[in-house]
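Visitor: Have a look at the structure that comes next, please.
Bear in mind these aren't lab numbers, they're just calculated from the coordinates by the rules spelled out. None of these values were measured; they are calculated from a predicted model. When we count neighbours, we look across all protein chains shown, and the Cβ atoms used for this are built from the backbone with ideal geometry, even at glycine.
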Amino acid sequence: MATPSSLDVIDKNMVTLFQQGNEDDYLKLYNKYAPAVLGVLTRTIGDQKLAEDCMHEAFFKIWSERLNYDPSKERLFTWMLKIAKTSKLYGALAKEKFLDDEIREGFDLVYACDLKKYLQEKQRTEGEQFAAGVDVILREAIRLIYFESYGFAAAAEKLNMSVENLRGEMVKTLKQLKGSVLS
């Protein structure tokens, strides 16, 4: 039978005090786990500031649900991540990122390349002539999405369009550019 490590004992003591409502131990718990939770959220969401907002929302929920944590069922960090990933903010952000990734991957598959890298290289070599025949709004969409790292949802919002409309217009625009930009 394995003996618990000193880290496990410290965590059990911290959890016991945290569950009793000890705010100092909550702060210790936060200081210990917040960087790891933030790292996971940042990788998932892709935006540091939004991940921080999501993490703060999660830790409020962690505090309010502390009595529901059962150490015999799962590790504390796993429980914390589950709470973080069930927050309203995380759900909205993850859905938006999933949609953005799905659109980008679809475009990359159609054109059999990493479109972002390809367009950036073409813009570098063609300069002012890059996308010269493209509607100004769609040229702005290309700039936002492929040069400023906006997601499709954020770009659509900035351009006052629906994501579906932007997606459709981008398909037409990329087809239009195929002869001059995409070889």
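Visitor: Which residues does a label at residue 129 reach in region 148-180, if reach means a backbone N under 17 Å from a point 7 Å past the Cα toward the Cβ?
Guide: Answer for this model: 177-180.
Visitor: Subtracting the Cα-Cα distance from 0.36 nm times the residue separation, let me have the gained length for residue 63 to residue 77 in nm, one decimal. Can you show the working numbers first?
Guide: Working: separation 14, 0.36 × 14 = 5.04 nm, distance 1.36 nm.
Full-extension gain reported as 3.7 nm.
Visitor: Something else about it: Starting from the coordinates of the alpha-carbon atoms of region 118-183, obtain the Kirkwood hydrodynamic radius over all distinct pairs and give the value in Å to one decimal. Mind showing how you got there, number by number?
Guide: Working: mean 1/r = 0.0836 Å⁻¹.
Averaging 1/r across every pair of different Cα atoms and inverting gives 12.0 Å.
Visitor: Report ³J(HN,Hα) in whole Hz for each residue of region 29-34, in order, from the Karplus equation J = 6.51 cos²θ - 1.76 cosθ + 1.60 where θ = phi - 60°; Gly and Pro get x.
Guide: Working through the residues one at a time gives 4, 4, 4, 6, 9, 4 Hz.
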